[in-house]
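Have a look at the structure below, then the notes.
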Amino acid sequence: MDAKKFIEESREMILSKLHGKGILACSGGQDSTLLSLIAAPIKNIEIIFVDTGLLRLNEVDRVKSLFEKFGVKYKLIDAKKIFLDNLKGVVDPETKRKIIGKTFIDVFKKEAETFGATYLLQGTIAPDWIESGGASRDTIKSHHNVGGLPADLGFELIEPLRDLYKDEVREVSRYFGLPDVMPFPGPGLAIRIIGEVTEHKLEILKQATDILERSVNERYSGEKPWQYFCVLLPVKTTGVHGDQRTYGETIAIRMIDTLDGMTGTFSRPDWELISDISVNITDEVPEINRVVYDITDKPPATIEWE
(Lines give C-alpha, C1' and ligand atoms only; values in the text may rest on other atoms or scores of the structure.)
Protein backbone atom coordinates (compact mmCIF):
# COMPACT_ATOMS: atom_id res chain seq x y z
CA MET A 1 0.00 0.00 0.00
CA ASP A 2 1.01 3.66 -0.42
CA ALA A 3 1.58 4.73 3.21
CA LYS A 4 2.00 8.42 2.42
CA LYS A 5 -1.23 8.50 0.45
CA PHE A 6 -3.09 6.65 3.21
CA ILE A 7 -1.93 9.18 5.83
CA GLU A 8 -3.00 12.12 3.66
CA GLU A 9 -6.39 10.54 2.95
CA SER A 10 -6.89 9.73 6.65
CA ARG A 11 -6.26 13.33 7.64
CA GLU A 12 -8.69 14.51 4.97
CA MET A 13 -11.26 12.03 6.25
CA ILE A 14 -10.88 13.28 9.83
CA LEU A 15 -11.19 16.92 8.76
CA SER A 16 -14.30 16.15 6.70
CA LYS A 17 -16.04 14.49 9.65
CA LEU A 18 -14.82 16.54 12.60
CA HIS A 19 -17.22 19.44 13.02
CA GLY A 20 -16.19 20.43 16.51
CA LYS A 21 -13.84 18.90 19.08
CA GLY A 22 -12.81 15.28 19.43
CA ILE A 23 -11.25 12.90 21.95
CA LEU A 24 -8.70 10.42 20.57
CA ALA A 25 -8.57 7.18 22.56
CA CYS A 26 -4.97 5.98 22.75
CA SER A 27 -3.91 2.78 24.52
CA GLY A 28 -0.25 3.09 23.54
CA GLY A 29 -0.53 0.08 21.23
CA GLN A 30 0.39 0.08 17.55
CA ASP A 31 -3.05 0.98 16.15
CA SER A 32 -3.96 3.88 18.43
CA THR A 33 -0.40 5.23 18.50
CA LEU A 34 -0.37 5.32 14.70
CA LEU A 35 -3.72 7.14 14.73
CA SER A 36 -2.26 9.63 17.23
CA LEU A 37 0.61 10.44 14.85
CA ILE A 38 -1.80 10.82 11.95
CA ALA A 39 -4.15 13.11 13.91
CA ALA A 40 -1.50 15.07 15.87
CA PRO A 41 -1.34 18.04 13.40
CA ILE A 42 -5.13 18.47 13.44
CA LYS A 43 -6.59 21.09 15.76
CA ASN A 44 -9.43 20.45 18.22
CA ILE A 45 -8.35 16.88 19.02
CA GLU A 46 -7.25 15.86 22.52
CA ILE A 47 -5.29 12.60 22.73
CA ILE A 48 -6.16 10.65 25.89
CA PHE A 49 -4.08 7.81 27.31
CA VAL A 50 -5.90 5.93 30.09
CA ASP A 51 -4.01 3.98 32.74
CA THR A 52 -6.53 1.22 33.39
CA GLY A 53 -4.37 -0.70 35.84
CA LEU A 54 -4.56 -3.57 33.36
CA LEU A 55 -1.34 -2.65 31.56
CA ARG A 56 1.98 -4.49 31.62
CA LEU A 57 4.84 -3.72 33.98
CA ASN A 58 6.29 -0.25 33.16
CA GLU A 59 3.81 0.15 30.28
CA VAL A 60 2.86 3.70 31.28
CA ASP A 61 6.50 4.83 31.23
CA ARG A 62 7.04 3.18 27.84
CA VAL A 63 4.04 4.95 26.32
CA LYS A 64 5.05 8.30 27.81
CA SER A 65 8.57 7.95 26.36
CA LEU A 66 7.16 7.00 22.95
CA PHE A 67 4.82 9.99 22.83
CA GLU A 68 7.57 12.34 23.95
CA LYS A 69 9.93 10.96 21.28
CA PHE A 70 7.42 11.73 18.53
CA GLY A 71 6.26 15.01 20.03
CA VAL A 72 2.69 13.83 20.59
CA LYS A 73 0.76 15.98 23.06
CA TYR A 74 -1.49 13.87 25.25
CA LYS A 75 -3.26 13.70 28.58
CA LEU A 76 -2.72 10.78 30.97
CA ILE A 77 -5.74 9.77 33.07
CA ASP A 78 -5.33 7.46 36.06
CA ALA A 79 -8.46 5.30 36.10
CA LYS A 80 -7.07 2.15 37.75
CA LYS A 81 -9.54 2.13 40.63
CA ILE A 82 -12.70 2.50 38.55
CA PHE A 83 -11.68 -0.27 36.13
CA LEU A 84 -10.82 -2.73 38.91
CA ASP A 85 -13.96 -1.84 40.86
CA ASN A 86 -16.15 -2.40 37.79
CA LEU A 87 -14.52 -5.79 37.11
CA LYS A 88 -14.91 -7.07 40.66
CA GLY A 89 -16.55 -10.49 40.71
CA VAL A 90 -16.75 -10.74 36.89
CA VAL A 91 -15.71 -14.05 35.34
CA ASP A 92 -17.32 -14.25 31.89
CA PRO A 93 -14.93 -12.95 29.18
CA GLU A 94 -17.64 -11.30 27.06
CA THR A 95 -18.93 -9.48 30.14
CA LYS A 96 -15.38 -8.37 30.95
CA ARG A 97 -14.90 -6.91 27.49
CA LYS A 98 -18.21 -5.04 27.56
CA ILE A 99 -17.55 -3.64 31.05
CA ILE A 100 -14.13 -2.45 29.94
CA GLY A 101 -15.58 -0.87 26.79
CA LYS A 102 -18.25 0.98 28.79
CA THR A 103 -15.74 2.09 31.43
CA PHE A 104 -13.51 3.56 28.75
CA ILE A 105 -16.48 5.51 27.39
CA ASP A 106 -17.40 6.73 30.89
CA VAL A 107 -13.85 8.05 31.31
CA PHE A 108 -13.91 9.71 27.89
CA LYS A 109 -17.33 11.28 28.52
CA LYS A 110 -16.08 12.87 31.72
CA GLU A 111 -13.07 14.30 29.90
CA ALA A 112 -15.23 15.37 26.95
CA GLU A 113 -17.35 17.52 29.25
CA THR A 114 -14.24 19.50 30.20
CA PHE A 115 -12.82 19.64 26.67
CA GLY A 116 -16.15 20.15 24.93
CA ALA A 117 -15.80 17.14 22.64
CA THR A 118 -18.60 15.41 20.76
CA TYR A 119 -16.45 13.11 18.58
CA LEU A 120 -14.45 10.01 19.51
CA LEU A 121 -11.50 8.90 17.36
CA GLN A 122 -10.51 5.24 17.72
CA GLY A 123 -7.79 3.03 16.26
CA THR A 124 -10.30 0.32 15.30
CA ILE A 125 -8.96 -1.99 12.57
CA ALA A 126 -10.60 -4.71 10.45
CA PRO A 127 -10.08 -7.74 12.76
CA ASP A 128 -11.76 -5.81 15.60
CA TRP A 129 -15.12 -5.41 13.87
CA ILE A 130 -14.93 -8.72 11.99
CA GLU A 131 -14.49 -10.74 15.20
CA SER A 132 -17.07 -8.62 17.04
CA GLY A 133 -19.80 -9.96 14.73
CA GLY A 134 -22.81 -8.24 13.25
CA ALA A 135 -24.83 -8.73 10.05
CA SER A 136 -24.30 -12.40 9.12
CA ARG A 137 -21.03 -12.74 11.07
CA ASP A 138 -20.88 -14.73 14.30
CA THR A 139 -19.49 -12.95 17.35
CA ILE A 140 -16.12 -14.54 18.06
CA LYS A 141 -15.37 -12.02 20.82
CA SER A 142 -16.61 -8.50 21.45
CA HIS A 143 -13.67 -6.15 21.04
CA HIS A 144 -13.99 -3.42 23.65
CA ASN A 145 -13.90 -0.69 20.97
CA VAL A 146 -16.64 -2.30 18.84
CA GLY A 147 -18.96 -4.86 20.44
CA GLY A 148 -18.01 -3.58 23.88
CA LEU A 149 -19.32 -0.07 23.22
CA PRO A 150 -22.54 0.89 25.03
CA ALA A 151 -25.67 1.63 22.98
CA ASP A 152 -25.82 5.17 24.37
CA LEU A 153 -22.36 6.06 23.16
CA GLY A 154 -22.80 9.83 23.25
CA PHE A 155 -20.10 10.41 20.61
CA GLU A 156 -19.87 10.38 16.85
CA LEU A 157 -17.19 7.86 15.89
CA ILE A 158 -14.28 8.55 13.54
CA GLU A 159 -12.19 5.47 12.66
CA PRO A 160 -9.65 6.10 9.87
CA LEU A 161 -7.89 2.73 10.28
CA ARG A 162 -11.09 0.70 10.10
CA ASP A 163 -10.26 -1.17 6.88
CA LEU A 164 -6.63 -1.96 7.71
CA TYR A 165 -5.18 -5.27 8.86
CA LYS A 166 -2.22 -5.59 11.22
CA ASP A 167 0.39 -5.96 8.49
CA GLU A 168 -0.88 -2.74 6.86
CA VAL A 169 -0.86 -0.92 10.20
CA ARG A 170 2.79 -1.84 10.63
CA GLU A 171 3.60 -0.73 7.08
CA VAL A 172 2.14 2.75 7.66
CA SER A 173 3.82 2.88 11.09
CA ARG A 174 7.22 2.29 9.53
CA TYR A 175 6.64 5.27 7.23
CA PHE A 176 6.57 7.45 10.36
CA GLY A 177 9.57 5.66 11.81
CA LEU A 178 7.34 4.25 14.52
CA PRO A 179 8.87 0.99 15.82
CA ASP A 180 6.87 -2.21 15.69
CA VAL A 181 4.99 -2.49 18.95
CA MET A 182 4.00 -6.00 19.92
CA PRO A 183 0.20 -6.23 19.77
CA PHE A 184 -1.43 -5.69 23.16
CA PRO A 185 -5.22 -5.92 23.54
CA GLY A 186 -7.24 -2.88 24.58
CA PRO A 187 -8.73 -4.77 27.56
CA GLY A 188 -5.14 -5.43 28.62
CA LEU A 189 -4.26 -8.15 31.09
CA ALA A 190 -7.92 -8.52 32.10
CA ILE A 191 -8.44 -11.02 29.27
CA ARG A 192 -5.20 -12.84 30.11
CA ILE A 193 -6.50 -13.65 33.58
CA ILE A 194 -9.01 -16.47 33.23
CA GLY A 195 -11.63 -15.72 35.84
CA GLU A 196 -12.00 -12.74 38.15
CA VAL A 197 -9.46 -9.91 37.84
CA THR A 198 -7.83 -8.88 41.12
CA GLU A 199 -4.83 -6.72 42.00
CA HIS A 200 -2.99 -9.78 43.32
CA LYS A 201 -3.53 -11.75 40.10
CA LEU A 202 -2.51 -8.73 38.03
CA GLU A 203 0.76 -8.44 39.95
CA ILE A 204 1.55 -12.13 39.37
CA LEU A 205 0.76 -11.88 35.65
CA LYS A 206 2.73 -8.64 35.22
CA GLN A 207 5.86 -10.24 36.68
CA ALA A 208 5.54 -13.41 34.58
CA THR A 209 4.86 -11.39 31.41
CA ASP A 210 7.91 -9.21 32.03
CA ILE A 211 10.15 -12.26 32.42
CA LEU A 212 8.80 -13.79 29.20
CA GLU A 213 9.15 -10.60 27.15
CA ARG A 214 12.67 -9.84 28.42
CA SER A 215 13.81 -13.40 27.72
CA VAL A 216 12.42 -13.44 24.16
CA ASN A 217 13.76 -9.95 23.36
CA GLU A 218 17.24 -10.78 24.64
CA ARG A 219 17.71 -14.34 23.48
CA TYR A 220 15.40 -15.23 20.61
CA SER A 221 17.37 -16.39 17.58
CA GLY A 222 15.96 -15.25 14.25
CA GLU A 223 12.77 -13.27 13.71
CA LYS A 224 10.70 -13.00 16.87
CA PRO A 225 7.15 -14.34 17.04
CA TRP A 226 4.44 -11.87 16.05
CA GLN A 227 3.03 -11.99 19.57
CA TYR A 228 4.05 -13.66 22.82
CA PHE A 229 2.43 -13.43 26.22
CA CYS A 230 1.42 -15.20 29.43
CA VAL A 231 -2.03 -16.25 30.60
CA LEU A 232 -2.87 -16.83 34.27
CA LEU A 233 -5.08 -19.90 34.54
CA PRO A 234 -7.71 -20.57 37.22
CA VAL A 235 -5.88 -23.78 38.08
CA LYS A 236 -3.70 -24.52 41.10
CA THR A 237 -1.47 -27.58 41.18
CA THR A 238 0.83 -29.33 43.62
CA GLY A 239 4.53 -28.63 43.31
CA VAL A 240 7.81 -28.59 45.21
CA HIS A 241 10.04 -25.66 46.18
CA GLY A 242 13.23 -26.91 47.78
CA ASP A 243 11.86 -29.75 49.87
CA GLN A 244 8.59 -28.00 50.66
CA ARG A 245 5.21 -28.78 49.14
CA THR A 246 3.56 -25.93 47.25
CA TYR A 247 0.09 -25.48 45.84
CA GLY A 248 0.58 -22.76 43.27
CA GLU A 249 -0.68 -20.92 40.21
CA THR A 250 -0.36 -22.10 36.60
CA ILE A 251 0.87 -19.87 33.76
CA ALA A 252 0.39 -20.65 30.07
CA ILE A 253 2.82 -19.21 27.51
CA ARG A 254 1.41 -18.29 24.11
CA MET A 255 3.66 -17.49 21.11
CA ILE A 256 2.06 -17.13 17.69
CA ASP A 257 3.02 -16.14 14.16
CA THR A 258 0.59 -14.42 11.79
CA LEU A 259 0.51 -11.87 9.00
CA ASP A 260 -2.79 -10.10 9.54
CA GLY A 261 -4.07 -11.39 12.88
CA MET A 262 -6.93 -13.30 11.26
CA THR A 263 -5.21 -16.70 11.16
CA GLY A 264 -2.00 -17.85 12.79
CA THR A 265 0.26 -20.76 13.74
CA PHE A 266 1.86 -21.37 17.11
CA SER A 267 5.57 -20.58 17.21
CA ARG A 268 8.19 -23.28 17.63
CA PRO A 269 10.93 -21.66 19.69
CA ASP A 270 14.12 -23.26 20.94
CA TRP A 271 13.06 -25.56 23.79
CA GLU A 272 16.08 -24.48 25.83
CA LEU A 273 14.67 -20.94 25.79
CA ILE A 274 11.24 -22.17 26.88
CA SER A 275 12.87 -24.20 29.65
CA ASP A 276 14.83 -21.18 30.87
CA ILE A 277 11.70 -19.00 30.83
CA SER A 278 9.86 -21.61 32.89
CA VAL A 279 12.67 -21.83 35.42
CA ASN A 280 12.93 -18.05 35.72
CA ILE A 281 9.18 -17.59 36.17
CA THR A 282 8.90 -20.26 38.86
CA ASP A 283 12.05 -18.99 40.61
CA GLU A 284 11.19 -15.28 40.52
CA VAL A 285 7.42 -15.47 41.04
CA PRO A 286 6.90 -17.67 44.11
CA GLU A 287 3.13 -17.93 43.59
CA ILE A 288 3.68 -19.86 40.32
CA ASN A 289 4.80 -23.50 40.31
CA ARG A 290 3.76 -24.69 36.85
CA VAL A 291 4.28 -23.35 33.29
CA VAL A 292 2.64 -24.82 30.18
CA TYR A 293 3.02 -23.98 26.47
CA ASP A 294 0.07 -23.39 24.11
CA ILE A 295 0.46 -25.32 20.83
CA THR A 296 -2.86 -24.33 19.21
CA ASP A 297 -3.19 -22.53 15.87
CA LYS A 298 -5.80 -19.90 14.96
CA PRO A 299 -8.28 -21.39 14.13
CA PRO A 300 -9.42 -23.38 16.04
CA ALA A 301 -8.25 -21.10 18.86
CA THR A 302 -8.14 -17.31 18.81
CA ILE A 303 -4.87 -15.54 19.52
CA GLU A 304 -5.99 -14.34 22.97
CA TRP A 305 -7.49 -16.88 25.36
CA GLU A 306 -10.54 -14.70 26.11
Quiz item: Carbon and sulfur together cover what percent of the accessible area of the chain at a 1.4 Å probe radius?
Solution: 50 percent
Quiz prompt | the chain: most fluctuating residue of I99, I77, I48 per GNM, C-alpha cutoff 10 Å | solution = I77
Quiz item: Leaving out ligands, DNA and RNA but keeping every protein chain, what accessible area does E249 have, in Å² rounded to the nearest 10, with a 1.4 Å probe?
Solution: 30 Å²
Practice problem: Show the residues, 5+ positions off or on another chain, whose built amide H is closer than 5 Å to the amide H of W226. | Solution: I256, D257, T258
Quiz item: What ranking do 177-185, 21-29 get when scored by the average of other Cβ atoms within 10 Å per residue, highest first?
Solution: 21-29, 177-185
Quiz item: Using the Cα atoms as the points, what is the convex hull volume per residue of the range 199-293 in Å³?
Solution: 108 Å³
Self-check item: Computed helical MRE - 222 nm, the chain, DSSP H runs ≥ 4 contributing -39500 (n - 2.57), nearest 500
Solution: -12500 deg cm²/dmol
Self-check item: Two-decimal log10 I(q)/I(0) for the range 155-201, as the Debye equation yields it once each C-alpha is a single scatterer, q = 0.18, 0.21, 0.22, 0.25 Å⁻¹
Solution: -0.77, -0.85, -0.87, -0.94
Self-check item: Relative contact order [Cα under 8 Å, 6+ residues apart], the chain, whole percent
Solution: 17 percent
Quiz prompt | Segment K236-M13, extension gain: residue separation times 0.36 nm, minus the distance between their alpha carbons | solution = 75.2 nm
Quiz item: How much accessible area per residue does the range 19-61 have, in Å², with a 1.4 Å probe?
Solution: 29 Å²
Exercise. Any chance you could get the radius of gyration and Dmax over the Cα atoms of the chain, in Å?
Key: 19.7, 68
Quiz item: Hey, what's the Kirkwood Rh for the range 3-176 if you take every pair of different alpha carbons, in angstrom?
Solution: 16.6 Å
Practice problem: May I ask you to give the average projected area over all directions of the convex hull of the Cα atoms of the range 1-58, in nm² rounded to one decimal? | Solution: 5.0 nm²
Practice problem: Would you pull out the residues with amide H under 5 Å of V292's amide H, same chain only if 5 or more places away, H placed 1.01 Å from N? | Solution: I251, A252, I253
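The values are calculated or read from the model by the stated rules, or taken from the named source; none is laboratory data. Keep in mind that this is a model prediction, so the values were computed, not measured. Note that we place each Cβ from the backbone using ideal geometry, even for glycine, and neighbour counts take in every protein chain shown. Heads up: the accessible areas ignore ligands, DNA and RNA and are worked out on the full protein's heavy atoms, side chains in. Shrake-Rupley method; radii C 1.70, N 1.55, O 1.52, S 1.80 Å.
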